[in-house]
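Heads up: the structure comes next, in structure tokens.
What follows is calculated from the coordinates using simple rules that are stated; it is not laboratory data. A quick note: this is a predicted structure, and the numbers were derived from the prediction, not measured. Every residue, glycine as well, gets a Cβ built from its backbone with ideal geometry; the counts of neighbours run over all protein chains shown.
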Amino acid sequence: MQQQKNDKTTCLLLALTTIFWGSLYTASKVLLDVIQPFTLLCLRYIIAAIAMTILQRLRKPDPNGKPRRIKGGDWKYVIMFGLGGYVLSIGLQQYGTKLAGASLASLINCMNPIAICFFAVLLLHERMTMKKVVCIVSAVAGAVCIVGETPAAVISSA
């Protein structure tokens with residue numbers, strides 16, 4: 001019975017994540033008409049920092065009874081990934097959404113699997129299989145179908 005509850009909870013959380021992430025481009029486009037991209041980014045991260053601080057305070061302590069904290073030597077990685085992986089990438093994504101529109105921005109975001117596979121092959125020495133190639137091509141083709149226009153038509157209308 002517990003497994004069924006976990007499965008339902010997992011599906012619900014994944015569905016909510018999809019809804020929130022899917023609405024990001026449209027909501028950003030609306031907000032970017034009145035707020036600059038990096039101002040919106042700061043507001044998003046302030047709200048997220050407040051929420052994460054609350055969640056951190058609610059977490060159970062570690063098995064030794066001590067609060068869970070980031071170790072001193074790990075702060076450089078937290079800052080590096082925070083600035084590069086989140087602030088810069090999401091900031092540029094929002095700026096691109098302001099310039100190009102929600103449809104093109106979401107289509108370009110569908111190119112993430114291509115970049116991930118490229119870097120996995122280059123840096124992690126993973127093999128690029130035919131299955132991965134077919135999946136990437138299918139994902140991009142699906143995104144083009146959903147947007148309803150060819151990438152060239154979307155770009156020219158931006």
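Between HIS125 and ARG57, 0.36 nm times their residue separation minus their Cα-Cα distance comes to what?
Gain on stretching HIS125 to ARG57: 20.5 nm.
Defining a contact as two alpha carbons under 8 Å apart and six or more residues distant in sequence, what relative contact order in percent does the stretch 33-138 show?
29 percent
Between ASP7 and ILE79, what FRET efficiency follows from the Cβ-Cβ distance if R0 is 35 Å, with the result rounded to 0.05?
Details: r = 37 Å, r/R0 = 1.05.
With R0 = 35 Å, the Cβ-Cβ based efficiency is 0.45.
So, in nm, how far is label ALA49 from label MET111 when the simple model puts each one 7 Å beyond its Cα toward the Cβ?
In this crude label model, ALA49 to MET111 measures out at 3.2 nm.
Sorted from fewest to most neighbouring beta carbons within 10 Å, what does the list LEU88, LEU123, LEU24 look like? Please list the in-between numbers first.
Numbers: LEU88 12, LEU123 8, LEU24 18.
Result, fewest neighbours first: LEU123, LEU88, LEU24.
Of the labelled options [x] 16.2; [y] 20.6; [z] 19.0, which one gives Kirkwood radius over Cα pairs in Å as computed for this structure?
Read-out taken from this structure: [z].
Tilt of helix 37-58 relative to the longest C-alpha principal axis of the chain, in degrees (0 to 90, nearest 10)?
Roughly 30 degrees, rounded to the nearest 10.
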